[in-house]
Each structure stands twice: as C-alpha cells, then as structure tokens.
Amino acid sequence: MKGSCVIIGGGIGGLFTGAFLSKNGVKVTVLEKNTIIGGGLQCFYRNGKVFETGMHVAGGFGPDGNLNKICRYLGISQKLKLQHVPAECSDEIYYNSTGESFRIASGKENFIERLTHYFPHESEGIRRYVDELFRLTDEVPLFSLHEDSPLFENNHSENFLISADALIDKYVKDGKLREILAYLNPLYGGVKGHTPAYIHAILNVLYINGASRFVGGGQQLADALCGVIETNGGIVKTSSPVIKIEIKDKAVQYVVSADGKKYVADNYVSAIHPVAMVRMASVGAFRKSFVHRLNEIPNSTSAFSLYVDLRPETFPYIDHTCYYMENYGLMWDQDKVESSVWPKAFMYMTPPDEKQGKYANRLLIHCLMNFDEVREWEHTETSKRGAEYEEWKASMSNRLIKKLSNIFPNLNDCIANIYSSSPLTIRDYYNTKDGAIFGYRKDCENLIVSRLPVYTKMNNLFLTGQNVILHGICGVPLTAINTAEAILGKNMIINAIRNHEANV
C-alpha cells in the first residue's frame with residue numbers, strides 16, 4: 001500500500017478522490033456524516049419510488065466523454081444504468097408570457113442548426129459563439145483529460161476570464177437569443193457580470209456533446225465508487241461525522257468522529273465546505289485572515305425542490321429537461337425574485353425508470369432560491385422547524401404546482417403525494433454554508449479570492465469537492481483528479497486514464 005488517507009465527506013468529491021487513491025494503492029477511509037453516501041447523488045425512497053435529491057442530468061457519459069473514460073478507468077462504467085437524452089431535443093425552454101417554446105438539440109452541428117432555425121438573422125454569430133465555447137474548453141486541458149497545468153498559471157485568452165454574459169453578448173445581438181444561450185444558468189448558479197466565461201463554456205460544451213440521465217437514480221454512481229474503495233481495501237463509513245481535526249506543527253495528527261473514534265493517516269482530504277472544515281480544526285491552526293477569507297467568499301445560490309409522486313398513467317413521461325420561464329429578462333436573476341411573486345422560473349423533469357413507458361412515475365421541480373427566504377428558521381434542526389415553516393413550505397409548493405399547471409392544466413389530478421426541500425435542507429444534508437448548491441461562487445472580477453487550490457498550508461491536508469477549481473457532475477471528478485495527484489504525483493491519474501483508453 002502507498003500510505004493511507006482519511007477523507008472527510010462521502011459526497012461526489014470525496015468518493016471520486018477516494019476511488020482514484022484506492023485504485024493506486026492508498027488505504028482509504030471515507031467518513032460521511034449522513035446515513036447515505038453520495039452528496040448530490042443521494043436518493044430517498046417513498047412508496048417504493050426513488051427520488052433524486054440533486055444530480056438529475058449529466059454530461060460526459062457519451063462514448064468519448066470525459067466522465068465515461070474516468071468510469072471505464074475505475075471499472076464502474078458497466079455498473080451504471082444510463083439513458084442518453086435524445087439529440088433532437090435535449091432541453092426545452094418555455095416562456096409563459098408569449099407561449100413560445102424553444103427545443104435545444106445536442107451535437108455541435110445540431111445545436112447550431114436548431115438555434116439558427118429560430119434566429120436565422122444570427123446565424124453567423126451563433127456559429128462563432130459555439131466555436132468559441134469549444135475553443136475555451138481547450139484552455140482547460142483537464143477537461144479533455146490531457147496532462148494538466150494549474151488553471152490560471154498559463155496565459156489565457158481574453159474571452160476566458162470575461163463574464164459569461166459578456167461572452168454571449170460579444171457574439172449575438174438578439175435579446176431573446178442572448179437569454180436562451182444562458183438557459184443552463186440554473187445548473188451552475190450563474191451571476192451576471194461575475195460568472196467566468198470558462199465555467200459557462202465547460203458546462204455548455206458538456207451538454208452540447210450530449211446529456212444522460214440515471215435510470216433508477218444517481219445513487220448507483222455513489223455506490224459504484226464506494227465499491228472501488230472497498231474492493232481495494234478501503235472503508236466507507238456512514239453516520240460518522242468528523243467533529244475534530246487535530247493539527248500540530250503544520251500537519252494533521254488525526255481526526256475524531258462524533259462517536260469518539262480517532263482516525264490516523266498519512267494524508268487527509270477535506271471534501272466538505274471549507275468553512276465547515278476550519279470549524280473542526282484546532283484553534284489557531286489556520287490564520288485568522290484565511291478563515292476570514294473563507295467566510296467572506298460569496299457562495300452560490302440555493303434552491304427549493306419538489307418531489308412529486310404521480311398517480312399511475314396520468315402524467316406523460318418527458319425524455320428531456322424542461323425550463324419554465326414566466327417572462328423574458330429573468331435568466332440571470334432567478335434567485336432574486338421577490339418573495340411575493342416567487343417563482344418566476346424553474347426547471348422540471350420526469351426521471352426514467354427501467355422499461356420506461358409513455359407515463360411518468362415521478363416529477364421533479366427545482367427552483368433557485370436565496371437563503372434569505374429561510375433565514376428566520378436558520379437556527380432550527382431538520383424535522384423540528386415548527387408549524388410556520390411547514391406552512392411556508394406548503395405555500396411554496398402550491399405556487400410551483402400552480403405555475404406548472406399553466407402547461408399541464410390537469411396536474412393536480414395527477415398528484416398522489418408531494419415532498420419538498422428548502423435551502424435549509426440542502427444546508428443541513430450537504431453541510432454547505434447557506435445551502436449553496438454549487439459551493440463557492442466563482443467570480444471573474446476577483447478570481448484570486450473566489451478560487452481555492454487543492455493544497456492547504458498543512459503538509460498533509462488537501463481539499464476536494466465543488467468549492468475547489470470546478471463544480472458539478474463533471475467538474476468535481478476533474479477536481480478529484482487534481483487532489484489525488486497532489487498525493488500520488490502530478491499527471492499520474494491523467495496518464496493512467498489515457499493509457500487505459502489506449503488499451504481498451
């Protein structure tokens with residue numbers, strides 16, 4: 001064995017990092033505070049039906065996709081049940097005020113042709129814009145699983161570090177088209193004037209190349225990664241929240257879980273929000289200026305979600321993701337809608353089951369929401385928030401159902417049960433500050449402050465997860481590669497993946 005490593009947090013970042021390390025001879029122990037591993041991959045069951053809490057659609061699982069290559073290297077691709085979203089319509093955007101609907105195609109040329117069909121006067125700008133998206137991803141070698149140099153240490157093009165909205169505006173003039181080109185905003189929590197163009201480019205190229213959905217829930221990916229760790233002699237422990245990180249002489253000595261058990265290793269990886277990590281650390285281990293910085297970095301937005309249990313054979317199965325917009329002009333401000341008129345925009349989908357027929361069994365609705373909406377209950381605990389909170393949740397749920405009824409008038413007749421989650425739920429289950437669903441907000445206006453490296457000032461403590469480098473179902477595994485290579489050696493994982501692909 002090549003040493004040992006304790007990983008704090010069994011979310012996507014912790015599990016991918018653990019899988020990379022364990023496959024390369026490191027004895028891994030993952031400590032997860034919840035009863036279920038997976039973070040954003042977590043699922044829950046009600047009335048025999050599985051409901052995904054976070055990860056619903058994923059790019060990168062196509063034949064040549066980076067995630068597919070990573071999973072092949074880890075030996076888990078055959079364990080994943082995936083449904084590839086049809087290329088003719090991967091996403092649909094509906095504007096209630098005008099009744100307009102835009103169906104987005106996948107595949108670079110299909111994507112360009114479909115948008116040109118809707119906006120023929122912008123044909124040249126659309127092609128130049130899409131070409132630039134793909135070119136920008138070339139400035140992130142890790143995205144294509146090439147030998148990586150640290151992000152931002154090389155000279156980047158002018159477009160790489162401008163804001164996402166500025167990139168769009170640079171190539172197209174039509175206001176409607178500008179908004180539609182930003183429709184994936186809810187998947188990365190984009191902020192006008194701040195979200196870097198490279199974040200926008202990576203996510204869009206990922207989905208232009210084709211999206212996939214987990215058949216039966218994303219928990220299967222978490223379980224498969226757990227299997228890699230355990231097969232290679234590692235341990236994944238649930239219901240084991242870390243409460244203390246003992247640090248001395250610039251190194252972690254051990255960590256302690258809530259049951260008093262002490263875990264000692266050569267290296268340690270924090271896969272949780274950095275603010276939660278420093279709270280566990282020995283007093284004075286981190287400089288006050290660093291702790292202050294962690295607390296001051298703006299977090300991404302949160303969300304309110306509905307999980308709808310549908311009556312049999314009442315609601316049509318939809319094989320793509322849909323976006324509801326009340327009107328134009330909301331794409332960059334979905335989490336800033338005033339409480340009195342919330343919601344104005346949301347996404348909805350019907351997850352696939354095995355042997356999926358024409359009717360859906362479940363309906364998921366997700367709407368961005370600022371944590372301030374639940375601030376008055378921030379000191380409460382799960383299942384102990386009080387009657388007013390439950391009434392508020394019911395009111396928000398009814399509002400979402402009423403809005404979606406504009407498209408499906410008989411929606412109420414299709415509903416058997418409704419379950420909901422708020423920013424408080426996300427905060428408590430994912431252990432993120434203010435329920436941030438995408439971790440720290442990346443800011444092109446202040447990149448030095450808004451990004452963290454995988455290294456810390458401690459000799460044997462490293463970071464991984466969505467708060468570091470990249471986020472999302474693609475970004476977190478890529479960040480995990482960087483974290484694992486900080487322990488194993490630069491480009492070791494990348495070269496191993498490429499060698500594996502060469503021999504497949």
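The values are calculated or read from the model by the stated rules, or taken from the named source; none is laboratory data. A quick note: this is a predicted structure, and the numbers were derived from the prediction, not measured. Please note: Cβ atoms are built from the backbone with ideal geometry, for glycine as well, and neighbour counts cover all protein chains shown. In case anyone asks, the SASA skips ligands and DNA or RNA and just uses the protein heavy atoms, side chains included. Shrake-Rupley method; radii C 1.70, N 1.55, O 1.52, S 1.80 Å.
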_Where trypsin sites (Lys or Arg not before Pro) fall in DSSP loop in segment 430-504, at most 11 other Cβ within 10 Å_ = Lys457
_Under the 0.36 nm per residue contour assumption, what length would be gained going from the current alpha-carbon distance of Ile243 and Ser123 to full extension?_
37.6 nm
*Mean Cβ count within 10 Å, highest first, over the residues of peptides 413-419, 8-14, 126-132*: 8-14, 126-132, 413-419
*asked:* Taking 0.36 nm per residue of sequence separation and subtracting the Cα-Cα distance, how much length would be gained by fully extending the chain between Asp169 and Val264, in nm to one decimal?
replied: 29.0 nm
*Overall Cα dimensions of segment 168-304 - principal axes, largest extent first, Å*: 60, 42, 28
*Please go through the residue pairs Lys49/Lys358; Lys33/Lys344; Lys27/Lys244 and name each one whose alpha carbons sit more than 26 Å apart in this structure.*
Lys33/Lys344
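Would you mind getting me the FRET efficiency between Ala416 and Ala496? Use the beta-carbon distance for r and R0 = 41 Å, nearest 0.05. Before the final figure, lay out each step's value.
Working: r = 48 Å, r/R0 = 1.16.
Calculated value: 0.30.
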_Suppose each label sits 7 Å from its Cα in the direction of the beta carbon; what would the Glu390-Ser405 distance come out to in nanometres?_
2.3
*Where only protein heavy atoms count, and the probe is 1.4 Å, what is the accessible area per residue for the chain in Å²?*
40
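Add +1 for every Lys or Arg and -1 for every Asp or Glu among the other residues with Cβ under 12 Å from the Cβ of Val236, and state the total.
Residues near Val236 contribute -2 overall.
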*asked:* Can you tell me what share of the DSSP beta bridges in the chain is antiparallel? A percent to the nearest 5 is fine.
replied: 70
*Leaving out ligands, DNA and RNA, what percent of the accessible area of segment 28-152 is carbon and sulfur, probe 1.4 Å?*
49
*222 nm [θ] for the chain, helices only, -39500 (n - 2.57) per DSSP H run of 4+, per residue, to 500?*
-9500 deg cm²/dmol
*For the chain, calculate the relative contact order in percent as a whole number, restricting contacts to Cα pairs under 8 Å that are 6 or more residues apart.*
22
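Compute for segment 357-402: radius of gyration divided by Kirkwood radius, i.e. Rg/Rh, restricted to C-alpha atoms, rounded to two decimals.
Numbers: Rg = 13.9 Å, Rh = 12.8 Å.
Rg/Rh for segment 357-402 comes to 1.09.
Sorting check: for 317-325, 403-411, which peptide has the highest mean count of neighbouring beta carbons within 10 Å, and how do the rest follow?
317-325, 403-411
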*Just check segment 171-212 against the gyration tensor rule for me: Cα atoms, a ≥ b ≥ c as the square roots of the eigenvalues, rounded for a/c under 1.5, and otherwise prolate or oblate depending on whether a/b exceeds b/c.*
oblate
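Taking only the C-alpha atoms, wrap a convex hull around the chain and report its volume per residue in Å³ as a whole number.
Values: hull volume 73.8 nm³, N = 504.
In the chain, the Cα convex hull volume per residue is 146 Å³.
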*When the Debye formula is applied to the Cα atoms of segment 32-97, each taken as the same point scatterer, what base-10 log of I(q)/I(0) results at q = 0.29 Å⁻¹?*
-1.25
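Grab the beta carbon distance between Lys288 and Thr35, set R0 = 51 Å, and tell me the FRET efficiency rounded to 0.05. Before the final figure, lay out each step's value.
Values: r = 35 Å, r/R0 = 0.69.
Result of the calculation: an efficiency of 0.90.
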*Set the Förster radius R0 to 56 Å, insert the Cβ-Cβ distance between Asn459 and Tyr45 as r into 1/(1 + (r/R0)^6), and round the FRET efficiency to 0.05.*
0.85
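In nm, what is the difference between 0.36 nm times the number of residues separating Arg279 and Lys79 and their Cα-Cα distance?
Working it through step by step, the gained length comes to 68.3 nm.
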*Starting from the Cα of Leu447, move 7 Å in the Cα-to-Cβ direction to define the label point; list residues of segment 260-301 whose amide nitrogen is under 19 Å from there.*
297-298
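What percent does the relative contact order of segment 348-504 come to when contacts are Cα pairs within less than 8 Å and at least six residues apart? Spell out each step's value before the answer.
Working: 123 pairs, mean separation 17.8, N = 157.
Answer for segment 348-504 is 11 percent.
How much of the pair distance distribution for segment 36-182 lies past 19 Å, counting alpha-carbon pairs only, in percent? Present the calculation step by step, with values, prior to reporting the outcome.
Values: 7191 of 10731 pairs.
It works out to 67 percent of all Cα pairs.
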_Under 15 Å from a point placed 7 Å out from the Cα of Glu313 along the Cα-to-Cβ direction: which residues of segment 25-59 have their backbone N that close?_
none
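Taking the Cα centre of segment 304-430 as origin, work out the dipole magnitude from +1 charges on Lys and Arg Cβ and -1 charges on Asp and Glu Cβ, in debye rounded to 20.
Details: 14 positive and 19 negative charges, 59 e Å.
With only Lys, Arg, Asp and Glu charged at Cβ, the dipole is about 280 debye.
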*Over segment 5-106, calculate the relative contact order: mean separation of alpha carbon pairs under 8 Å at least 6 apart, over the residue count, as a percent.*
16
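Give the peptides 373-382, 74-83 in descending order of average Cβ contacts within 10 Å, highest first.
On the way: 373-382: 13.8, 74-83: 16.1.
The peptides rank, most packed first, as 74-83, 373-382.
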